[in-house]
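One structure below.
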Amino acid sequence: MNQPAATAVQPVREPAVAARLSSLDRFLPVWILAAMAVGLVLGRFVPGLAGWLDAVSVGSISLPIALGLLVMMYPVLAKVRYDETRHVASDRRLMISSLTLNWLVGPALMFALAWLFLPDLPEYRTGLIIVGLARCIAMVMIWNDLARGDREAAAVLVALNSVFQVFAFAALGWFYLQVLPGWLGLETTTAEFSVWAIVLSVLVFLGVPLLAGYLTRTLGERAKGRSWYEDRFLPRLGPWALYGLLFTIVLLFALQGEQIAARPWDVASIALPLVVYFAITFTVGMLLGRALNLGYARSTTLAFTAAGNNFELAIAVAIGTFGVMSGQALAGVVGPLIEVPVLVGLVYVALASRRHFARA
């Protein structure tokens, strides 16, 4: 009897991680490191630049940073197939898992890490706890897209957690800064958070690009059809998301160039628990998604929406509550400075893990 050819039963290998990325995506770590370096140089050697960037603002929101984030968010949200989001919303496992990771696991983990790593540095410790309470609504869309996560799921989860954030942020701040430390016999911190700052952050950094993305897809498909929209329009629009990301990184590092240079050990002290936090929350999200058989795309989305944080809100709250030169504000600023390179690394970890997930 003839034996079947060996090649007939061999699994088809996926292309290498790098081969699945565009040239712009493939060298993203290089572009990000370059953007960080440019920002540090500008902030350190261009007199008054940081002050000018910080002064051009509405309330506590820097307009240049807001512009960069809007440019970054718009192309990603224009890619979402909004007519398919109802299928995501009906996935109770995904919805409940996301709320649990974002509002139970994430804040509790950051509280524990802040006290573990910074027991004698109350300002930085409080700043980290505030970062842990601010769930991501912007950059997570970029990381999810680069890692080939589920775009529709990301849009739904970001919207869900943003609404929850409006109602839960202040209450959880009170719990983790006053109630829980009091129960444990630890030092408490008194703080009052502006509900308006929270609402404004959600409206600006999610509401505006979400509406723009929805209208772009709806009107574009109505005028030219889905094939034209996805095959011709989106490829031209897509790179602007990374341009917006790099522009935002330059501005963030320019704003804090002097502080980073003047207080490197403080930055390192804040950075260590953040790295641990991002690694743990991402890993828990991926493992939970795999255990629930969500598939690679939705597991990746679950992990990134849990690991990312809304640094715009964290910085605004820290500055508005404790002052622009406070340790809490510095901790808020260090958040995105560490989040960007760490989560870029986790994009590659996610892509490399695809072989461990059953094909949907």
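Could you pull out every one of the helices (runs of 4 or more DSSP H) wholly within region 287-360 that has 3 or more residues that are surrounded by fewer than 17 Cβ atoms within 10 Å (Cβ to Cβ) and modelled with pLDDT of 90 or more? It would help to see each step written out before you state the result.
Values: elements: 295-307, 311-322, 327-352.
Fully inside region 287-360 and qualifying: 327-352.
Just checking, how many residues over region 303-340 are farther than 21 Å from residue 281 by Cβ and either under 17 Å from the mean Cα position of the chain (by Cα) or touching a residue at least 60 places away in the same chain (Cβ under 8 Å) (or both)? Before you say what the answer is, go through the steps one by one.
Step one: list which residues in region 303-340 are farther than 21 Å from residue 281 by Cβ, which gives 316, 319-330.
Now restrict to residues that are either under 17 Å from the mean Cα position of the chain (by Cα) or touching a residue at least 60 places away in the same chain (Cβ under 8 Å) (or both): 316, 319-322, 324, 326-330.
Of the residues in that region, 11 qualify.
Would you mind finding the one in 71, 80 that is closer than 30 Å to residue 293 by Cα, surrounded by 14 or more Cβ atoms within 10 Å (Cβ to Cβ) and within 20 Å of the chain's Cα centre (by Cα)?
Residue meeting the stated conditions: 80.
For region 223-278, which residues satisfy the criterion of being among the β-branched types (Val, Ile, Thr) and either without any contact (Cβ under 8 Å) to a residue 24 or more places away in the chain or closer than 14 Å to residue 42 by Cβ (or both)?
Looking only at region 223-278, we keep the residues that are among the β-branched types (Val, Ile, Thr), and these are 248-250, 260, 267, 270, 275-276.
Across region 223-278, the qualifying residues are 248, 249, 250, 260.
Touching a Pro at 6+ places or on another chain (Cβ under 8 Å), buried (at least 24 other Cβ atoms within 10 Å of the Cβ), of a type outside the set (Phe, Trp, Tyr) and under 26 Å from residue 215 (Cβ atoms): does that describe residue 128? Let's see the steps before the verdict.
Values: touching a Pro at 6+ places or on another chain (Cβ under 8 Å): yes; buried (at least 24 other Cβ atoms within 10 Å of the Cβ): yes; of a type outside the set (Phe, Trp, Tyr): yes; under 26 Å from residue 215 (Cβ atoms): no.
For residue 128, the condition - touching a Pro at 6+ places or on another chain (Cβ under 8 Å), buried (at least 24 other Cβ atoms within 10 Å of the Cβ), of a type outside the set (Phe, Trp, Tyr) and under 26 Å from residue 215 (Cβ atoms) - is not met.
Among 231, 266, which is the only one that is crowded, with 17+ Cβ neighbours inside 10 Å and acidic (Asp, Glu)? Talk me through it step by step, then tell me what you get.
Numbers: 231 fails: crowded, with 17+ Cβ neighbours inside 10 Å.
Criteria check complete, one pass: 266.
Identify the residue in region 251-268 that is assigned to a helix (DSSP H, G or I) and closer than 15 Å to residue 65 by Cβ and, among all such residues, is nearest to the chain's Cα centre (by Cα). Step through it out loud before you land on a result.
Going through region 251-268, the residues assigned to a helix (DSSP H, G or I) turn out to be 251-255, 257-262, 264-268.
Those still in the list that are closer than 15 Å to residue 65 by Cβ too: 251-255, 257.
Values: 251: 17, 252: 15, 253: 17, 254: 20, 255: 19, 257: 22 Å.
Going through the qualifying residues, I end up with 252.
Take the conditions modelled with pLDDT of 70 or more and either part of a helix (DSSP H, G or I) or in contact with a helix residue (DSSP H, G or I) (Cβ under 8 Å, 6 or more places away or on another chain) (or both) and apply them to residue 19. Does it pass? Give the derivation first.
Numbers: modelled with pLDDT of 70 or more: no; either part of a helix (DSSP H, G or I) or in contact with a helix residue (DSSP H, G or I) (Cβ under 8 Å, 6 or more places away or on another chain) (or both): yes.
Spelling it out, it is not the case that residue 19 is modelled with pLDDT of 70 or more and either part of a helix (DSSP H, G or I) or in contact with a helix residue (DSSP H, G or I) (Cβ under 8 Å, 6 or more places away or on another chain) (or both).
If I filter region 161-174 for residues that are at pLDDT below 90, of a type in the set (Phe, Trp, Tyr), under 25 Å from residue 65 (Cα atoms) and crowded, with 18+ Cβ neighbours inside 10 Å, do I get at least one hit?
For region 161-174, residues at pLDDT below 90, of a type in the set (Phe, Trp, Tyr), under 25 Å from residue 65 (Cα atoms) and crowded, with 18+ Cβ neighbours inside 10 Å: present.
The values are calculated or read from the model by the stated rules, or taken from the named source; none is laboratory data. What you are looking at is a predicted structure, and each value in this text was computed from that prediction instead of being measured. FYI the Cβ positions are ideal-geometry reconstructions off the backbone, even for glycines, and counts take in every protein chain you see.
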